[in-house]
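Asker: Take a look at the following structure, please.
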Amino acid sequence: MNDRVRVEKGLSITALIKHTPAYIKNTARDEVTVKKLAKTKTKGGHTAYKAICKSHAKGSKPHQCSVIGLDKEKSLVSKQKKVLVSCDCEFFMFYSEYALSTWGAARIKYSNGEPAVVRNPGNLPLVCKHLVKVLRAIKEHNF
């Protein structure tokens, strides 16, 4: 599948969770708490969620995550075929952001826009533990 087709197709919440390795999903389940999850709208009228997540590790700082549904005709983000995600953590910046941008699921915001040649050479569409926790919360509560 070429890059243009991937970007146009995008990824759903289910696909993002599915493509994320089990060790990240397990870490999200055991070590992350969603402190705040708020529903909002973007300037373009898309449904969006902003979240603050905190790892249980001592001295860890809270991370800001966002999920934007791109299918205007569907009101529930959990049912949409295409979402944009973002997190301000280092894992997202160095492993996920560029790869997800090639899949149409992120915009370059925190990284330098270069491929993660060492950390994610196959540009796999994976998300960080914070986003796994937020995406699961959205999906489970049918937001």
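Each reported figure results from applying straightforward, stated rules to the coordinates on display, with no laboratory input. Remember, predicted model here, so these are calculated numbers, not experimental data. Positions of Cβ are backbone-derived with ideal geometry, glycine not excepted, and every protein chain shown enters the neighbour counts.
Asker: Quick check on region 1-105: what are the equivalent-ellipsoid semi-axes from the Cα gyration tensor, as sqrt(5λ), descending, whole Å? Don't skip to the answer; put the middle values down first.
Answerer: Values: eigenvalues 111, 63, 29 Å².
After diagonalising the Cα gyration tensor, the semi-axes are 24, 18, 12 Å.
Asker: In whole angstrom, how far apart do the alpha carbon centroids of region 20-70 and region 107-143 sit?
Answerer: Between the Cα centre of region 20-70 and that of region 107-143, the gap is 10 Å.
Asker: So, by mean Cβ neighbours within 10 angstrom, what's the order for 27-36, 118-127, 78-87 with the highest one leading?
Answerer: 78-87, 118-127, 27-36
Asker: Evaluate the relative contact order of the chain (contact order divided by residue number), counting alpha-carbon pairs under 8 angstrom at least 6 apart; express in whole percent.
Answerer: Values: 287 pairs, mean separation 40.5, N = 143.
After rounding, I find 28 percent.
Asker: A follow-up question, please. Evaluate the Kirkwood expression for the hydrodynamic radius of region 44-143, namely the inverse of the mean inverse distance over all pairs of different C-alpha atoms, and round to one decimal in Å. The partial results should precede the final answer.
Answerer: Working: mean 1/r = 0.0714 Å⁻¹.
With all distinct Cα pairs of region 44-143 included, I get 14.0 Å.
Asker: Further question: Between residue 74 and residue 23, how high is the FRET efficiency from 1/(1 + (r/R0)^6) when r is the Cβ-Cβ distance and R₀ = 25 Å? Nearest 0.05.
Answerer: Numbers: r = 31 Å, r/R0 = 1.26.
It comes out at approximately 0.20.
Asker: Let me ask something additional. Report the label-to-label distance for residue 9 and residue 107 in nanometres (one decimal), using points 7 Å from each Cα along the Cα→Cβ vector.
Answerer: So the two model labels end up 2.4 nm from each other.
Asker: Work out how much length residue 56 to residue 31 would gain on full extension: take 0.36 nm times their residue separation and subtract the Cα-Cα distance, in nm to one decimal. Let's see the in-between values first.
Answerer: Values: separation 25, 0.36 × 25 = 9.00 nm, distance 0.53 nm.
Going from the current span to full extension adds 8.5 nm.
Asker: Please tell me which of these pairs span more than 28 angstrom C-alpha to C-alpha: 72/139; 9/54; 18/72?
Answerer: Working: 72/139 17 Å; 9/54 31 Å; 18/72 23 Å.
Long pairs (Cα-Cα over 28 Å): 9/54.
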